[in-house]
Amino acid sequence: MKKLLLIVGLLPLAVAAGPRHGEPRCDGGPHPARHGEFAAGEHLPHFLRSLNLSDAQRAEIKSLLQTRFSQGKDKMDRGRAMHDELRKLSFSADFSEERSLDLIEKSLDFHKQAVLDKAKLDNQLYKLLNSEQQQKLRAELEKSEH
């Protein structure tokens, strides 16, 4: 009983001892990105950071990313709505396997389109690179696969 009281008494201290908003984490790593902290397109994708991009390339990449992110919120909302609809159906008295399969099929089509859109964006980014940068990127990707 004494141990339980001690644990319950020390729990608020342990929570308060964690890093506060804006302070570095204990492990010295970077801050996790907080929702809404960065503007869309402000940061380069990780695979492009080591390629010594020109200012023109950076501007074009930023434009492509901003376009994708501006379209992304609507798509995320539609995907979330499909997921919520399936969840509501799953926990209702009106459950229908046929309706569930229909929602799942729509969700798969939505996911396929999202993956295709991402592949198209990656290809657009790749085509902005000069041949030396493309070669370096391919080498980096190959190295990370092993």
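Checked against (1) at pLDDT below 60; (2) over 25 Å from Leu141 (Cα atoms); (3) over 18 Å from the mean Cα position of the chain (by Cα), Ser92 passes all but condition (1). Being part of a helix (DSSP H, G or I), of a type outside the set (Val, Ile, Thr) and either within 13 Å of Leu48 (Cα to Cα) or touching a residue at least 24 places away in the same chain (Cβ under 8 Å) (or both) is a property that Ser144 lacks. For the range 54-69, the count of residues that are touching a residue at least 40 places away in the same chain (Cβ under 8 Å) and surrounded by fewer than 11 Cβ atoms within 10 Å (Cβ to Cβ) is zero.
On inspection, Ser107 fails the criterion of being assigned to a helix (DSSP H, G or I), of a type in the set (S, T, N, Q) and either modelled with pLDDT of 90 or more or in contact with a Ser or Thr (Cβ under 8 Å, 6 or more places away or on another chain) (or both).
For the criterion of being surrounded by 11 or more Cβ atoms within 10 Å (Cβ to Cβ) and without any contact (Cβ under 8 Å) to a residue 60 or more places away in the chain, Asn123 fails. Before we move on, is Leu89 touching a Lys or Arg at 6+ places or on another chain (Cβ under 8 Å) and either over 30 Å from Leu129 (Cα atoms) or not in a helix (DSSP H, G or I) (or both)? Answer is yes for this residue. Among the residues making up the range 90-115, those that are farther than 24 Å from Lys73 by Cβ, surrounded by 10 or more Cβ atoms within 10 Å (Cβ to Cβ) and not acidic (Asp, Glu) are Ser90, Phe95, Ser96, Arg99, Ser100, Leu101. Scanning the range 124-139 for residues that are in a helix (DSSP H, G or I) and either in contact with a Phe, Trp or Tyr (Cβ under 7 Å, 6 or more places away or on another chain) or not charged (D, E, K, R) (or both) yields a total of 10.
The values are calculated or read from the model by the stated rules, or taken from the named source; none is laboratory data. Keep in mind that this is a model prediction, so the values were computed, not measured. Cβ sites come from the backbone with ideal geometry, for glycine too, and all protein chains shown count toward neighbours.
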